[in-house]
1. Could you list which residues have their amide H under 5 Å from that of residue B:152, counting only those 5 or more apart in sequence or on another chain, with H placed in the peptide plane?
2. With angles folded into 0 to 90 degrees, how steeply does helix C:243-253 sit against the dominant principal axis of chain C? Use alpha carbons for both and round to 10.
3. So how compact is the stretch B:246-331: Cα radius of gyration and Dmax in angstrom?
4. Among the listed pairs A:129/D:100; A:372/D:8; B:129/C:100; B:174/C:100; A:372/C:174, which are separated by more than 32 Å between their Cα atoms?
5. Given +1 on the Cβ of Lys and Arg, -1 on the Cβ of Asp and Glu, and no further charges, what dipole in debye does the stretch B:30-346 carry about its Cα centre, rounded to the nearest 20?
6. Treating the point 7 Å from Cα along Cα-beta-carbon as the label, what are the nm separations from residue A:380 to the other copies, to one decimal?
7. Based on Cβ point charges of +1 for Lys and Arg and -1 for Asp and Glu, what charge dipole magnitude is obtained for the protein assembly as shown about its Cα centre, in debye rounded to the nearest 20?
8. Only residues of the stretch C:149-184 count here: report those whose backbone N is under 15 Å from the spot 7 Å along Cα→Cβ of residue C:218, or say none.
Amino acid sequence: MRTSVSEPESPDLTDKSGVVDKSDLVTIPNEDLVQLLSPEGVRSDQPDYDSWIEDITSDRLVSLYEDMVIVRRIDVEATALQRQGELALWAPLLGQEAAQIGSARALRKDDFAFSSYRENAVAYCRGVKLVDLLRVWRGTANSGWNPYEIGMATPAVIIGAQTLHATGYAIACKKDGVDSVAIAYFGDGATSQGDPNEAMIFAASFNAPVIFFCQNNQWAISEPVGLQAVRSIADRAPGFGVPSMRVDGNDILAVTAATRIALDRARSGGGPTFIEAVTYRMGPHTTSDDPSRYEDRAEHEEWAMKDPILRVERYLETEGALTPEVRAAIAAKSDAVAAEFRSACVELENPEPLSVFDNIYAEPHTGLDRQKRDYAAYLSYIEGETR
Amino acid sequence: MRTSVSEPESPDLTDKSGVVDKSDLVTIPNEDLVQLLSPEGVRSDQPDYDSWIEDITSDRLVSLYEDMVIVRRIDVEATALQRQGELALWAPLLGQEAAQIGSARALRKDDFAFSSYRENAVAYCRGVKLVDLLRVWRGTANSGWNPYEIGMATPAVIIGAQTLHATGYAIACKKDGVDSVAIAYFGDGATSQGDPNEAMIFAASFNAPVIFFCQNNQWAISEPVGLQAVRSIADRAPGFGVPSMRVDGNDILAVTAATRIALDRARSGGGPTFIEAVTYRMGPHTTSDDPSRYEDRAEHEEWAMKDPILRVERYLETEGALTPEVRAAIAAKSDAVAAEFRSACVELENPEPLSVFDNIYAEPHTGLDRQKRDYAAYLSYIEGETR
Amino acid sequence: MSELTLSKAIGAGLRRSLEENDHVLLMGEDIGALGGVFRVTDGLKNDFGPERVMDTPLAEAGIVGTAIGMAFRGYRPVVEIQFDGFIYPAFDQIVAQLAKLHARTGGKVRVPLTIRVPYGGGIGAVEHHSESPEAYFAHTAGLRVVTCSNPQDAYSMIRQAIDSDDPVIFFEPKRRYWVKGEVDLDAVPLPLGKARVALEGTDVTLVAYGPLVATALDAAAAAVDDGLSIEVIDLRSLSPIDFDTVEASVRKTGRLVITHEAAQSGGLGAEIAASITDRCFFSLEAAPARVTGFDIPYPPSRLEEHFLPDLDRILDAVDRVMGRENSLTPWGAS
Amino acid sequence: MSELTLSKAIGAGLRRSLEENDHVLLMGEDIGALGGVFRVTDGLKNDFGPERVMDTPLAEAGIVGTAIGMAFRGYRPVVEIQFDGFIYPAFDQIVAQLAKLHARTGGKVRVPLTIRVPYGGGIGAVEHHSESPEAYFAHTAGLRVVTCSNPQDAYSMIRQAIDSDDPVIFFEPKRRYWVKGEVDLDAVPLPLGKARVALEGTDVTLVAYGPLVATALDAAAAAVDDGLSIEVIDLRSLSPIDFDTVEASVRKTGRLVITHEAAQSGGLGAEIAASITDRCFFSLEAAPARVTGFDIPYPPSRLEEHFLPDLDRILDAVDRVMGRENSLTPWGAS
Ligand SMILES: Cc1ncc(C[n+]2csc(CCOP(=O)(O)OP(=O)(O)O)c2C)c(N)n1
Ligand SMILES: Cc1ncc(C[n+]2csc(CCOP(=O)(O)OP(=O)(O)O)c2C)c(N)n1
Ligand SMILES: [Mg+2]
Ligand SMILES: [Mg+2]
């Protein structure tokens, strides 16, 4: 397994070449990346990893493929809904389907995910109701679902904050004597914040069963990853005592294997693991973003060739597993999900005005109760006035 | 030079031995530590480092020795002053003389140091007036000296905050086109805070001429370093793209060499370097601390054998450089410094009451001006009343 | 004179400051090629280069902390915090370092740092993108805190903030970024700490700042129909607060209403009510009234109209201080 | 009943909570073998083990953030922040996460976290060790903020804070840690949100909390010589504030003085003055007066007596609201 661990090579102290030119670091070289399924759909043997995905037969892979197709469809639908004014905003995960579904499908029901705003596919795998994906972006709630129902916290918008929650949750799992695992999802940009660094420190010190799953999609809004990190992101964790793996994030097999290795390690008392899933944000940061202001089209096109769905499609075709019937079934399911998603969206009503005062506290708070009373009086007074 | 760079060894992913036993990490093993002068006072050859201290002849070493003796004497005097009620508090650096003097004496006048509260020896090397070391601890000022006069910011009490200031200062040096360097001093405990991690990220991204100088004195108040870090602290920096060195912090020659290497690197455009100086806090955290509640006496005694002053004394004696005259001169200077220190302390008067309002802002602030006016009226009213 | 939006006016102010003083530099997330998520710094990286308009790693403490270090060497960094709700990771650097350095060093170290913060609600955004954290900073000694309500002030005040030798937290009323107005690039501005009487009136003093100045003016216009003359004060500076101007107004009107988006408890409205009550207790005909956000985290956007003070809520409070029928004392009910 | 110092009373409360609920655990820097720098947790690690009394890495955001994660699984962590001035690195986790999680999740996730903060001045400490940051938290919706002034409250309130399903910021008046008092470990306490009339009186209402309650009681005792009867209210809860109790008192006395160590601008005194003026404007005989710290960073300890409200400054304000001679209107001067 040692092949999978990142061993940061130390920069040469004698190098005095002056200012580091980071331009070539924006796209990380592929050499030391774990890849089991090439962009062309060719499966390569990697004994250390293969054993972890032996159960993923073509059938199972078809099901993962279906997930990826569906979440991509959800993204398309959501973007359309935003353009039509039904959603205020949407953060597409286009291009990151393998990273999210490969990792999330590896989890057990009693594991717990802590994510950022872009992990809709993770929520999908955790069994979220479609309508619950929409509430935040339609503006009817500050979070969509009950975390305990699907084993996933509602997204953290403050970059990196959730990594500490995941670590604390994992410490609590250990205290409870269960072998559940916490997984923290975050981006390449997030690695610059203090919180994820502190999270690694706490995780190492308390040997917490937590996985730090970084989707390095090359961008933090308009900032290329080279501005956040002059070496690969996976190189950081080992120094904290957190072993790391760097995998092709567009390869669902590699992502699955890496996540399972980390889960197994965590469950058996081995502590935290860091996974860098190297991928690319093929869409805008959110629907309000304009990547044409900063993105390199050539780079974009290059990554389009590495599409996570296409390569599975190619592989399954070679295997003869993508029959017209299977394709039709997946297309039908996609259509159904999209239709349900759309109607769930437009049917989402605004909450009651006075609900702004609900659930701020778990127990009564006299100050807030008074404001609620006064505002209720105001609303009925205004209504009376205008009646 | 590559020998001096820490290459973190990655933990074995297959190790599932359960909960990490960190007890043996409290004291870091000595193997990979750069040491030029042994505790017994024996000089060993290390070509990579030797070339950096060729100019440190016995004479020069006597002068460094004198510095160490004097700052130790200051510590003793300050502790006595605290016991006698003349100082409110003091943070002794006992045991860390080599780490501080070795690094600080390597700096140029136009370099700039950003430190924490324990770096009195650094301030001493920067040329601080003795009285200026006392103000904070006597409670007459929130900082003692003018940073621009000695090229050293006044200490940061918030752990780790100064590492970012050093990084920003270094970026500014680069912008100004000068080859001055910023050095940030901080402890092992500080490495757990977000700020020093962010500082390394900014330093790497902007290739800032900054040195992160960590005095790993094994303790953060009562917490052993093993609680902050499950691997050596020097292992962290390379992952951020910051090369690191791990040196015997009680060996003034090793510290000097490492600092000079880092300074040279920074001045010539090579960017940031991290130095871990492995040492031991031989005194209490501060004069209010009670290490007997947590410290292992045996460990303490072991470190006493590695005293930074003693080994230089032994070496200089072998070299015949510590003649009775030299000793007498140093003793006399120590006595003089101690006497001046003491009288400077007891002569430090309380500031004027209304000075609490001074220098809060650089420009007038109507709100504060009114408070000052009212309080002045109050003071003279009270005085009149009691008269 | 040219007509500019408020955001472009700030951009123009930044540009002029960059031109005039080569120690001014901008730092922040996405302020370079993107021009910031609100395009306030649009074009500046192109024109002044990446050394003066610096995209930084994604870490607010890091940004403010390194900016402080640059100020040590005489720079005047202007930091952008992308949204109000993202300033908290930098809180320690702002409150424990930035605010205190000048005092700590007996005035030896000046920290002429400006922190620009697009703030407030009303744009239909998700959580953390609509907050009004000004009270935290106005309560912090050592900082100056200001906000603008129109393009001319936006331009002049950002320049004054940068010129100030003190750290300034510069709150930009993000929902007014697209408001247009005439901007005289060479106008002689009011001092930075001064409030402005935005509309003269005789019956009630209405104090507002930032995004609610426009709302306050609307309310004043509507009140005319009710035969009421409202004096609107645009506070502009939140630390210090220009109480002399407010006091003079209240001595005239005898009535005070204060409005802000931030939560009521411990908000600036409390300070203004308390200070003005202290200064002109015997001129007051009624207790000062506050029209503010509630003591809740900013609600989801579909409910933000039930959080943000609006014309009707302001006029209800005006009725209250006037002793007229209002929601808390409906005459029908008695 | 036993006589305990305030710090030992908190320790006793922590011990009882640890005994009664195995989901209670303590986290912080140096709280284990050392027992905390103030020895509040003395002996607890020994008795409950390192799994329940956890020394943590030196990172306040990390402590609060991981504690939040534990709360997700039903734990009730009690976090110690070593000194008031060290809470700011955790500000984002407190304000943007801890305070908002319950609201964010529509009540699905409870965060029964208690953050203990030794606070305030008067112990001759260096910078950052004497601060009063309560206003930041009282202005933050979603948090409860309390402080105690005597050993009995210290014991009862820490237990109530831990029992509360809401996050509670628990400010400990560090300079009163060594004050002794009788503590009934089984007393039925006042509700956590309630203020307490510490001394009845008829002429002036004096509101204090935490370390200044003792000072207020001293002032009241001294005022008796001047023929004045001061009612002292120990606020105890800073969010919510028990305005009903303060209002009842002011309706009786007609005069209000508020004292706290925190800076005046935007401090809790402003909120109390504003709210009480709003509630009983026509009962007030004078504007409420505030006796507070100045709008400056905490001064060096040799000057702290010129920052901290004391008996004389309080009595001067009492004279002011009574319309007697005082420093702002010295009769000799007129
Ligand atoms: C503390 C904080 N600062 C800034 C932002 C604004 N912001 C939102 S997303 C984003 C970029 C995040 O990049 P990354 O972590 O790589 O995640 P990605 O969007 O690529 O999934 C930024 C700067 C924020 N949400 N929180
Ligand atoms: C933000 C912050 N948290 C906590 C403290 C309290 N504190 C002061 S010194 C210290 C230990 C620091 O240890 P280390 O960084 O190793 O430095 P050393 O004291 O050993 O020199 C702690 C926890 C502080 N000053 N600032
Ligand atoms: Mg990204
Ligand atoms: Mg230490």
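1. Amide H to amide H, under 5 Å and 5 or more residues apart or across chains, residue B:152 pairs with B:113.
2. With both axes taken from Cα atoms, the answer is about 20 degrees.
3. Rg and Dmax of the stretch B:246-331, Cα atoms, are 17.2, 47 Å.
4. Values: A:129/D:100 23 Å; A:372/D:8 40 Å; B:129/C:100 23 Å; B:174/C:100 26 Å; A:372/C:174 27 Å.
Flagged as over cut-off: A:372/D:8.
5. The dipole of the stretch B:30-346 has a size of about 880 debye.
6. Counterpart label points of residue A:380 in the remaining copies fall at 5.9 nm.
7. On the way: 136 positive and 214 negative charges, 228 e Å.
Value, rounded to 20: 1100 debye.
8. C:174-180
Every read-out reported here was derived from the displayed coordinates using simple, explicitly stated rules and does not represent laboratory data. Keep in mind that this is a model prediction, so the values were computed, not measured. Using ideal geometry, Cβ is built from the backbone for each residue, glycine included, and neighbour counts are taken over all protein chains shown.
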